[in-house]
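Working notes, beginning with the structure itself.
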Amino acid sequence: MKREMSSAEEALIERCLQQDSAAQKTLYETYANRMYAICMRYADNPDTSKDLLQEGFIRVFKAMPGFRKEGSFEGWMKRIFVNNCIEYYRSKRNQPWFSDVDEAAGIQADDHTLSNFGVEELLGLIRQLPDGYRTVFNMYAIEGYAHKEIADQLGISESTSKTQLLKARLMLQRLIAEKGGSRFA
């Protein structure tokens, strides 16, 4: 269901387009917590999350003239933040955070273990995943990207995307078991 913009939201956007600093501050204060939650899902620590949040808002303000006022402004912003997070981790590609496909051969994940864990607890565990696992897991499980889209966005193969997702699930299961999550299975 598409959410239409309110007249107040439209007025705020118009004021931001006119470089009104009070409007920009209001926009930031209105959406910062929700956008920070996205950054926290992709980042491995609060400092990186804060950097991604600031960079994301800079990109939002620069891109605002291109917003067509069709559909949800928040949804449009979320896409910018997700892409910003993906770009940040893509720039770290020289670091060995994607594993070989062969390492995951024959491994199976048990989704039941993850499905019964609390949302806040699971998000905390997701932040503990290595960069590659966390990025692919977020893109696939939370943002809804297909493996082909993930591969294109990150410059990896589809099989590497699938492997990273599998390994992320396995690591989450291990972390859940270590935290006593086996009682949820």
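Are any of the pairs Lys25/Lys179; Lys62/Lys162; Lys62/Lys148; Lys25/Lys162 more than 32 Å apart by Cα-Cα distance, and if so, which? In this structure, Lys25/Lys179; Lys62/Lys162; Lys25/Lys162 exceed 32 Å between Cα atoms.
One chain, two ends: Asp51 and Lys25. Fully extended at 0.36 nm per residue, the span grows by 7.7 nm beyond their Cα-Cα distance.
Would you mind ranking Arg41, Arg59 by Cβ crowding within 10 Å, fewest neighbours first?
Lowest to highest Cβ neighbour count: Arg59, Arg41.
The residues Met171, Met35, when put in order of fewest to most other Cβ atoms within 10 Å, stand as Met171, Met35.
Given a Förster radius of 25 Å and the C-beta distance between Lys62 and Ile142 as r, what FRET efficiency does 1/(1 + (r/R0)^6) yield to the nearest 0.05? Efficiency, from the Cβ-Cβ distance: 0.50.
For a quick check: sort Tyr42, Tyr89 by the number of other beta carbons within 10 angstrom, fewest at the front. Intermediate values should be presented prior to the final figure.
Values: Tyr42 26, Tyr89 23.
Ranking Tyr42, Tyr89 by Cβ neighbours within 10 Å, fewest first, gives Tyr89, Tyr42.
The numbers here are math on the coordinates, done by the rules we state, and not lab data. Computed from a prediction, not measured in an experiment: that's the story for all the values here. Because the Cβ atoms are built from the backbone with ideal geometry, glycine has one as well, and the counts that use them run over all protein chains shown.
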